[in-house]
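No lab work stands behind these numbers, since they all come straight from the coordinates. The shown structure was predicted, so the numbers you read here are calculated from the model rather than taken from an experiment. Neighbour counts are summed over all protein chains in view; Cβ atoms, including those assigned to glycine, are modelled from backbone coordinates with ideal geometry.
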Amino acid sequence: MEKFTKGRFIFSCVLAFFLLVAYCPFTVDAAKADKKAKPAKGDPLDQWAAKPNAVFDVDKMSDMSDYDPGTSVVPAGDTIKLAVVVSFSGPASIQGLWYYTLVQWVAHDINKRGGIWVDGKKKLIQVIKADHLGKPDTCKKVCERMALQEKVHALIGSDGSHHVKIMNETANKYKIISVNLGSMVDELQDAKNFSRYAFHSYYSVEQSGRALAYYFGQISKKEKKFYILNQDYSYGRALAAAFKKGLQEYHPEGQIVGEDYHKLFLTDFAPYLTKVKASGADIILSGDFLPDGANLAKQAYEMKLNIPFANIFMNDVTMLRNIGVEGTKGFVRVDSFDMPDPFKSSPSYTRYYQIWKKVSANWKAPYDTESVRNVGAFGNGVAVMMQTYWLLSVMERAKSTDPEKIIKIWEGDTYRYVNGKVVKIRACDHKAIMDLGVSVYVPPAEQKISMTIPPYYWFNDCSYIGPTYKIPAAKILPWMDQELNRCSGKTNWGE
């Protein structure tokens, strides 16, 4: 009896203690406060990637065998209107061919499915060419026309941050959505320029510059001397600043041995390349987009510079073939789409890639060049396409073209690309958080490390992607302007 009573006493004490812990309001509040105060551990992107809000499903893609960007039927009437704001004319007209091919592919796919349900009915996608000719004043006029006359639901593009800024300003003025598919300047979403209607779903300068520095300092560990040669406008200078910041973080022994900026659409790079040659640089950092990137790389090869480029946009097939295997060997590129072992890690991407290659082989002029036929097969081109699918997914889930409803869904949204990569829109400043890939160009015989399906090389007449390394999002989070009230006090994860 004494033993039983003692046991009951001990049990009663233990029970009372746990009841006190469970129901005492002070204990509960303290636990909540402590939980709130602790910073997130690990990489939140891994958690988001486990269960994204939406995904691109290649199994739901239409039969695309009849797709030809030169003959696609553009629907009219009560449609979802997307204005592709880009250079369709002028020195950068190749950008128009690329963008239109990619965005129209998405529209063709969705339209063959019957459209998407918005505003109480199913609507088809209408893609409208908004040619800014590569000129800011023309860009402003064409964006105004898209908003007022065409009454588009979204402005998407563009080649050049100066043009995206005009897109965003127009969108803010007329309360329509603007989607930055291809410009990387972080300041587009800072306290001065931020608009609720603008979304930077592409990767940023801060991410790309620091990713390259991370690769050289933490992965390659061979290159020590760097020469910066960029286009002389906001993007070129911002990329240089981001790369130098990344060197301080991840490669402090790295040295900048020269730094130059050239005007857009330059034809003679010899004076700059002569300085590069004399500098003793191991590698040249250049963010030049075409046609500058192609002309720069070709002239460097012709001058027998023998110094590879760390780049973002030197993946045009025509350019690489003009230079050849030896001239492109050792190039290093950071990319918003490519990831290690693309075909092994994602059967969906394998199927998508094979469909794209088969369909694009039948296109007619001016879409019949290797440059255009490959733009949606790999790299940043697929990222542009995935961002367009993402925009339409947001509209479909919002069941509306109302920008306020779109904003509500897209802020904090996560989306999985065809290769399994997951991207998140940071809610406070509408910038995308993502892992990046850094690839090294190797000769055809070595490309089988990444091209693991027949013919086991990407191209047989130039160097191209060999090993690809994932740069974790946690190491290269996009810059957040704490002066933007929406972001004040938040971490770079947006939390």
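Evaluated with a Cβ-only charge set (Lys, Arg +1; Asp, Glu -1), the chain carries a dipole of roughly 1280 debye about its Cα centre, given to the nearest 20.
Residues whose amide H lies under 5 Å from that of ILE256, counting only those 5 or more places away or on a different chain, are PHE226; hydrogens are built 1.01 Å from N in the peptide plane. Legend: residue pairs LYS112/LYS151; LYS123/LYS364; LYS405/LYS475, Cα-Cα distance threshold 26 Å; pairs beyond threshold, LYS123/LYS364; LYS405/LYS475. Charge dipole (Cα centre; +1 on Lys/Arg Cβ, -1 on Asp/Glu Cβ; no other charges) of region 227-340 amounts to roughly 140 debye. Measuring r between the beta carbons of LYS304 and VAL58 and using R0 = 56 Å, the FRET efficiency lands at 0.80. Local charge for SER62 was computed over the other residues whose Cβ lies under 15 Å away, with Lys and Arg +1 and Asp and Glu -1, and equals 0. With neighbour counts taken as other beta-carbon atoms within 10 Å, the residues ARG416, ARG210 rank, fewest first, as ARG416, ARG210. Dipole check for region 148-206: with +1 at the C-beta of Lys and Arg, -1 at the C-beta of Asp and Glu, and the Cα centre as origin, the magnitude is about 340 Debye. Taking 29 Å as the cut-off for C-alpha to C-alpha distance, list the pairs among LYS344/LYS424; LYS304/LYS358; LYS141/LYS421; LYS245/LYS421; LYS129/LYS275 that go past it. Going by Cα-Cα distance, LYS304/LYS358; LYS141/LYS421; LYS129/LYS275 fall outside the 29 Å limit. Dipole of the chain computed with +1 at Lys/Arg Cβ and -1 at Asp/Glu Cβ about the Cα centre; of VAL359, ILE125, PRO308, farthest Cα towards the positive end is ILE125. Which residue, ILE453, GLN95, TYR389, has the largest displacement toward the positive end of the dipole of the chain when charges sit on each Cβ (Lys, Arg +1; Asp, Glu -1)? Final value for the positive-end residue is TYR389.
Each residue of region 106-116 was assigned a 3J(HN,Hα) from its phi angle through the Karplus curve 6.51 cos²θ - 1.76 cosθ + 1.60 (θ = phi - 60°); the sequence is 4, 4, 4, 4, 5, 5, 5, 7, x, x, 10 Hz, with glycine and proline shown as x. Here GLN149 and LYS222 are evaluated by their C-beta separation; at R0 = 60 Å the FRET efficiency comes out at 0.60. Only Cα pairs under 8 Å and 6+ residues apart enter the sum, and on that basis the relative contact order of region 318-388 stands at 34 percent.
Tell me which label goes with the value of Cα Rg over 2.2 N^0.38 Å computed from the coordinates here: (1) 0.99; (2) 0.93; (3) 1.08. After the calculation, the listed value that fits is (3). Straight-line cross-link reach from LYS81 at under 19 Å between alpha-carbon atoms covers these aspartates and glutamates, not counting any fewer than eight positions away in the same chain: ASP109, ASP119, ASP131, GLU144, GLU150, GLU169, GLU396, ASP402, GLU404.
Whole-Hz Karplus values for region 440-447 come out as 10, 7, 10, x, x, 5, 9, 6 Hz, taken residue by residue from phi with 6.51 cos²θ - 1.76 cosθ + 1.60 and θ = phi - 60°; glycine and proline positions read x. For THR401, nonlocal amide neighbours, meaning residues 5 or more places apart or on other chains whose placed amide H falls under 5 Å from its own, are ASP119.
Cross-link partners of LYS51 among aspartates and glutamates, defined as those whose alpha carbon lies under 17 angstrom from its own and excluding same-chain residues fewer than eight positions apart: ASP43, GLU411, ASP413, ASP435. Annotation for region 282-306 versus region 250-273: alpha-carbon center distance of 10 Å.
Applied to region 274-280, the Karplus parametrisation 6.51 cos²θ - 1.76 cosθ + 1.60 on θ = phi - 60° returns per-residue 3J(HN,Hα) values of 4, 5, 4, 4, 6, 7, x Hz, with x for Gly and Pro.
Note on region 147-211 and region 105-126: Cα centroid distance 24 Å, given to the nearest whole angstrom. Here's how it looks for ILE283: its modeled amide H is under 5 Å from those of LYS225, TYR227, which are all 5 or more places away or on a different chain.
Multiplying the residue separation of ILE449 and GLU483 by 0.36 nm and subtracting their alpha-carbon distance yields 7.7 nm. Per-residue extension of 0.36 nm, minus the Cα-Cα distance of LYS263 and SER89, leaves a gain of 60.7 nm for this segment.
Below 8 Å between Cα atoms, with a sequence gap of 6+, how large is the relative contact order for region 71-129 in percent? Result for region 71-129 is 47 percent.
Just want the answer: with Cβ charges of +1 for Lys and Arg and -1 for Asp and Glu, which residue in THR328, THR468, TYR233 is farthest toward the dipole's positive end in the chain? Towards the positive end, the residue furthest out is THR468.
Shown is the FRET efficiency for GLU495 and LYS175, computed with R0 = 35 Å from the Cβ-Cβ distance and rounded to the nearest 0.05: 0.80. A helix-only calculation puts the chain at -12500 deg cm²/dmol for mean residue ellipticity at 222 nm, using -39500 (n - 2.57) for each DSSP H run of at least four residues, averaged over all residues.
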